[in-house]
Amino acid sequence: MVEKDLKEIRFKDNFQGVNPSISDSSTYAFATAQDMNDTFQGEKEQFLYSRHSSPTNQQLADEMAKMEGSEAAHVFASGMGAISATLLQLCEHGDHIISSRTIYGGSHALLKNVFPKWGITTSFVDITDLHAIENAICEKTKIIYCESLSNPLLELADIKEISRIAEKHRLTFIVDNTFTPLIFKPIQLGADVVIHSLTKFINGTSDTVAGAVCGSADLINSMKDVSSGCAMLLGQTLDSLRAASIVKNRQTLELRMKKHSENAYYLAQEFDKYGINTIYPGLRSHKDHELFHSQRSKDFGYGGILGLDLKSEQRAHLFMEKMQEAGLGYLAVSLGYFKTLFSASGSSTSSEISEEEQKEMGLSKGLVRISVGLDHDIENTLCQMIQIYQYVDQIYPMNDEVVCN
Ligand SMILES: *Cc1c(COP(=O)(O)O)cnc(C)c1O
């Protein structure tokens with residue numbers, strides 16, 4: 001046997017550790033004063049200050065770029081940090097954004113309540129209506145923004161078709177792919193930029209908040225520019241210790257996504273058979289089922305999120321409280337955790353959206369969003385959930401209800 005020189009094997013750190021070393025420096029020494037000059041002028045590349053980049057954060061960014069098939073990526077202290085920095089980088093005073101109306105509540109509030117203060121306005125459209133998108137375009141439009149699978153209604157954006165519209169009008173098409181990592185590859189389908197809240201599936205352990213932007217090297221470099229970059233200057237810097245832990249959790253994402261999807265698919269089918277109003281793109285009854293099927297990468301199913309419409313707030317609340325009491329998961333916002341998480345979207349994560357708008361977009365007060373966990377015995381989970389549903393029916397029978405949605 002030939003003796004192998006371990007140095008030939010590429011390790012993640014300099015000490016043959018199997019995991020990345022965690023960079024523990026906010027600043028980096030330059031060999032010469034000229035080197036420092038050149039680096040700040042952008043003529044030389046080295047780490048200069050950790051708000052700009054650090055070895056561990058760069059490693060996570062590289063993993064993200066690889067996963068989304070983009071030239072480059074940058075990581076942030078939160079998903080909202082990634083979203084706000086990207087939009088502010090691409091827009092100036094007077095510019096206009098076209099956004100799906102069914103997006104994460106925080107993103108909706110940012111576009112609706114904060115950006116207008118700086119002269120950046122947004123038209124919210126039904127993203128499944130291609131004519132509505134094209135009709136909303138005006139001279140000042142810069143961006144089309146949507147989520148691959150919308151929160152919380154699980155509507156699907158036709159990424160290929162929307163990217164054609166964006167290309168025709170020279171707009172930047174940004175897709176928030178937080179709900180469907182690995183399942184959709186928006187850049188392959190024609191999107192320009194992909195954003196992730198790493199807080200959800202990608203980290204998967206609900207122990208940190210983080211975000212990422214994947215896009216062209218030009219975009220990412222402009223965002224990191226020391227004198228004009230919104231990633232650099234707004235300062236939403238991810239801590240290296242957290243970046244290292246996300247790099248490790250990223251390694252099990254393939255396995256986890258498969259299992260989340262498998263469990264959610266099973267539950268959705270069974271709930272549907274049982275006559276419970278179930279929203280899940282894996283069901284043939286879902287209006288975007290065919291489109292989902294044609295856009296997805298095989299192997300990772302239809303995702304881990306499903307919606308159950310309990311028809312009223314009262315019924316939804318009781319259902320969730322009983323689920324938590326039974327140990328089936330937590331009444332908590334967020335998603336992508338190994339335990340099941342559930343919340344009534346109308347009064348929590350989408351509460352930024354006015355009641356009138358919620359009604360208009362078909363968001364029922366009784367909608368419970370469930371991020372299905374990695375339960376090993378999902379049949380048992382189903383049994384318990386059905387029992388709880390029956391209990392809710394006993395306490396608040398449907399026909400006694402004034403259903404006000
Ligand atoms: C959670 C979430 C965000 C915001 O991410 P944070 O990490 O909480 O800042 C953005 N988009 C979607 C779709 C989300 O689910």
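The values are calculated or read from the model by the stated rules, or taken from the named source; none is laboratory data. Because the structure is a prediction, the values reported are computed rather than measured. Here the Cβ is made from the backbone with ideal geometry for all residues, glycine too, and neighbour counts use every protein chain on show. Heavy atoms of the whole protein, side chains included, go into the accessibility calculation; ligands, DNA and RNA do not. Shrake-Rupley method; radii C 1.70, N 1.55, O 1.52, S 1.80 Å.
In debye, nearest 20: dipole of the chain around its Cα centre with unit charges on the Cβ of K, R (+) and D, E (-)?
Charge dipole, the chain, about its Cα centre: 280 debye, nearest 20.
Ignoring ligands, DNA and RNA, what percent of the accessible area of the range 253-395 is carbon or sulfur (1.4 Å)? Could the numbers behind the result be given before it?
Values: 3100 of 6350 Å².
Here carbon and sulfur together make up 49 percent of the probe-accessible area.
Quick one: compute the contact order of the range 200-281, relative version, from alpha carbon pairs under 8 angstrom and 6+ residues apart, as a percent.
Working: 38 pairs, mean separation 20.5, N = 82.
With pairs under 8 Å counted, the relative contact order is 25 percent.
Could you tell me what percent of the accessible area of the range 107-252 is made up of carbon and sulfur, with a 1.4 Å probe and every protein chain present?
C and S atoms contribute 47 percent here.
Which listed residue (98, 245, 366) has the Cα farthest towards the positive end of the charge dipole for the chain, taking +1 on Lys and Arg C-beta and -1 on Asp and Glu C-beta about the Cα centre?
My answer, from the dipole projection, is 245.
I need the peptides 93-99, 149-155, 357-363 ranked by packing, meaning the mean over residues of other C-beta atoms within 10 angstrom, with the highest value on top.
Numbers: 93-99: 18.9, 149-155: 23.0, 357-363: 16.0.
Highest mean packing first, the order is 149-155, 93-99, 357-363.
Compute the FRET efficiency between residue 269 and residue 314 as 1/(1 + (r/R0)^6), taking r as their Cβ-Cβ distance and R0 = 30 Å, and round to the nearest 0.05.
Working: r = 27 Å, r/R0 = 0.90.
According to the calculation, E is roughly 0.65.
Please state, to two decimals, what the Cα-based radius of gyration of the chain comes to when divided by 2.2 N^0.38 Å (N = residues).
Numbers: Rg = 22.5 Å, N = 405, 2.2 N^0.38 = 21.5 Å.
Against the compact-globule rule of thumb, the ratio is 1.05.
³J(HN,Hα) across the range 192-206 via Karplus (A = 6.51, B = -1.76, C = 1.60, θ = phi - 60°), whole Hz, x for Gly/Pro?
For the range 192-206, the Karplus curve yields 8, 9, 10, 10, 10, 8, 6, 3, 9, 4, 5, 7, x, 10, 6 Hz.
I need the phi-derived Karplus couplings for the range 150-163: 6.51 cos²θ - 1.76 cosθ + 1.60, θ = phi - 60°, integer Hz, Gly and Pro marked x.
Once θ is set to phi - 60°, the couplings for the range 150-163 become 6, 9, x, 8, 6, 7, 10, 7, 7, 4, 4, 5, 5, 5 Hz.
Kindly flag which residue pairs out of 66/273; 287/365; 200/322; 44/66; 160/258; 200/224 have an alpha-carbon separation exceeding 31 Å in this structure.
Values: 66/273 40 Å; 287/365 21 Å; 200/322 24 Å; 44/66 24 Å; 160/258 24 Å; 200/224 24 Å.
In this structure, 66/273 lie more than 31 Å apart at Cα.
What list of ³J(HN,Hα) couplings, whole Hz, do you get for the range 327-332 from phi and the Karplus terms 6.51, -1.76, 1.60, once you set θ to phi - 60° and write x for glycine and proline?
With coefficients 6.51, -1.76 and 1.60, one gets x, 7, x, 10, 7, 8 Hz.
Over the range 253-395, with the other protein chains present, what is the accessible area per residue in square angstrom, probe 1.4 angstrom?
Numbers: 6350 Å² over 143 residues.
Averaged over the residues of the range 253-395, the accessible area is 44 Å².
Quick one: accessible surface of residue 381, probe radius 1.4 Å, all protein chains present, in square angstrom to the nearest 10.
Probe radius 1.4 Å; accessible area of residue 381 about 10 Å².
In Å², what does the accessible area per residue of the range 47-250 work out to with a 1.4 Å probe? Present the calculation step by step, with values, prior to reporting the outcome.
Details: 7130 Å² over 204 residues.
Heavy-atom SASA per residue in the range 47-250 reads 35 Å².
Please report the relative contact order for the range 253-395, taking Cα pairs under 8 Å with a sequence separation of at least 6, and give it as a percent rounded to a whole number. All intermediate terms of the calculation are to be shown ahead of the outcome.
Numbers: 222 pairs, mean separation 38.3, N = 143.
Value for the range 253-395: 27 percent.
Considering Cα pairs under 8 angstrom that are at least six residues apart, work out the relative contact order of the chain and quote it in whole percent. Intermediate results must be reported in sequence, preceding the final value.
Working: 758 pairs, mean separation 63.7, N = 405.
It comes to 16 percent, rounded to a whole number.
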